[in-house]
């Protein structure tokens, strides 16, 4: 009797394990399927153009010419700019919330930064078109004389263009970077700070110790923000001006990989055109994948020592 | 003397951190202010009950888009909740196994895939084979985005449930599946629902994956196999069009959208706070 109970228990256990595990496997399958499907749908363009696709600058679907270099440029340029603008602010917020803020202020501030992430991309885009772009245009018209010599600040004052897109991207990336950096800072053992104070460190010097201790995780947080910026679509599509060209000018309308897919996918009239767009999607997928894997690894390596080892082995033993 | 400099630097940096916080709150306030100000002046009952007006005619609303958004988001949730919750249970129960790590890793990866790429993928698997855009395809795209969010919260919350609860059930002779579904999951349920709510809030604002899956529809439609209008795609269409009237509609739509999203996050926050209180009390 007891033996039968144990046996049926084992069968139950197997059913449970396979039943829930199947859903987990499904998730893995979806990720792999995305890669395969994108590769399959872009065969035509990969075969026809090869590397040439990424090395030429002419994007003329009517003439059947597809060169995607300007999109790579626009995506990287806008994301790097957004990163330069957002990283100091995001880190400042993370430091303030985890190290400096009084306890009663911590939760409201966390909620507000989360709100920044909760506002949909399309709303940022709408706001960008009607509020940010006119402001940027005004700045462009009144560019101070000493700035005009710099190639970054040349070009017609259109308002829409790289500058507007980078600004909105920076705002959208801040909450991601800051919340992860905050978590990482919290994982720094309190003893690190106390040791610094004990040696006579000022508040900033103690924070600097914590930052140094958390450096891999913080780099991971910044990279994760970078990944977000690369794939961001709607707000950028609405603000960047959608003109495939490679230029350093912040005023010039440019184009990103995500934006060209969003704008032209439904207009793609022939298979080659569609395949070319999917290939851009494929590369975007690959780039964000690599960046995410690296940044997750960095963040995980940071959090690992914080987890008590005994709890882990207990879980493993139970699972076995 | 040197100490004074060090102290001064410390104060200066503290000041910079405060400035960073304020600097980030400026755009937030700015955006919310404009959405509310512009939205309220364009929002009326007709917005919820009328169909979109043709160009040149004033008035009209987004009744079809609101229903469409609810439908597409609902379809996405139907698809994502079972996968997310069950996958999360697996990842939490068999936390040490290699497969669980792979599942967790895939979830984080999927979470980082740009939404537009998911749109392209769904176009390939759910639009091309059937030769037309559909609400189903839109739901599938949103669902794929929801899965990792639901999975990770489920997993984290299940791990928070005190192991004594599970051990109690096991000691009484319950099988593992029974212990999980009748004791552990119910204990974590409020949290899991919160997670689903947060995922819904994030997904409700998505536009990019719908552009070429659900597409858009000028007419009333609740047929899941047909293209359908959604609030977000409609806002996009209106925002980039050159008509003053459409811009007003776009702002009204944005206000409705932001209200939904904020309401969901706020509800989730209240639920989390309550749960933490319960945990501390017990």
One finds the C-alpha centres of region A:170-222 and region B:26-94 to be spaced, in Å, by 37
Over its alpha-carbon atoms, the protein assembly as shown yields an Rg and a Dmax in Å of 25.4, 92
Using alpha carbon centers only, region B:175-253 is separated from region A:135-157 by a whole-angstrom value of 40
Taking a crude spin-label model, label points 7 Å out from Cα along the C-beta direction, the residue B:171 to residue A:32 distance in nm is 4.2
Residues of region A:205-221 with backbone N under 12 Å of the label point set 7 Å from the Cα of residue B:6 along Cα→Cβ are A:205-206
Mean separation of Cα contacts under 8 Å (at least 6 apart) over the residue count of chain A, i.e. the relative contact order in percent, is 26
Out of A:91, A:115, A:105, a Gaussian network model of chain A with alpha-carbon springs under 10 Å gives the largest mean-square fluctuation to A:105
Residue A:14 and residue B:178 label points (each 7 Å along its Cα→Cβ direction) are spaced in nm at 1.9
Comparing B:142, B:32, B:198 in a Gaussian network model of chain B (Cα, 10 Å), the one with the largest mean-square fluctuation is B:32
Scoring chain B by relative contact order with C-alpha pairs under 8 Å, at least six apart, yields a percentage of 25
Given a Förster distance of 56 Å, the FRET efficiency implied by the Cβ-Cβ spacing of residue B:160 and residue A:69, rounded to the nearest 0.05, works out to 0.70
On the formula 1/(1 + (r/R0)^6), with r taken between the Cβ atoms of residue B:259 and residue A:103 and R0 of 35 Å, the FRET efficiency rounded to 0.05 is 0.70
With the label point 7 Å along the Cα-to-beta-carbon line of residue A:62 and a cut-off under 14 Å to each amide N, the hits in region A:226-247 are none
Largest fluctuation, A:238, A:209, A:302 only, Gaussian network model of chain A with Cα springs under 10 angstrom, belongs to A:209
log10 I(q)/I(0) for chain B, Debye formula on C-alpha points only (no solvent), q = 0.07, 0.08 Å⁻¹, two decimals, reads -0.37, -0.47
If the label point sits 7 Å along Cα→Cβ of residue A:190, residues of region A:94-121 with amide N under 20 Å come out as A:95-107
Under the helix-only model (-39500 (n - 2.57) for each DSSP H run of 4 or more, divided by the residues of chain B), the mean residue ellipticity at 222 nm, to 500 deg cm²/dmol, is -25000 deg cm²/dmol
Per the 1/(1 + (r/R0)^6) rule, R0 = 30 Å and r from the Cβ atoms of residue B:51 and residue B:269, FRET efficiency to 0.05 is 0.25
Volume per residue (Å³) of the convex hull spanned by the alpha carbons of region A:72-199 is 166
Under the 7 Å Cα-to-Cβ spin-label approximation, residue A:40 and residue B:225 lie apart by a distance in nanometres of 2.2
Evaluated at 10 °C and 1.306 mPa s, the Stokes-Einstein D of region B:130-282 based on the Kirkwood radius over Cα pairs, in µm²/s, stands at 87
Taking chain A and counting helices only, DSSP H stretches of n ≥ 4 at -39,500 (n - 2.57) each over all residues, the nearest-500 ellipticity at 222 nm comes to -24000 deg cm²/dmol
log10 I(q)/I(0) for chain A, Debye formula on C-alpha points only (no solvent), q = 0.08, 0.09, 0.10 Å⁻¹, two decimals, reads -0.52, -0.64, -0.76
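No value in this document is a laboratory result; all are computed from the given coordinates. The structure displayed is predicted, hence computed values, not measured ones. We place every Cβ from the backbone using ideal geometry, glycine too, and count neighbours over all the protein chains shown.
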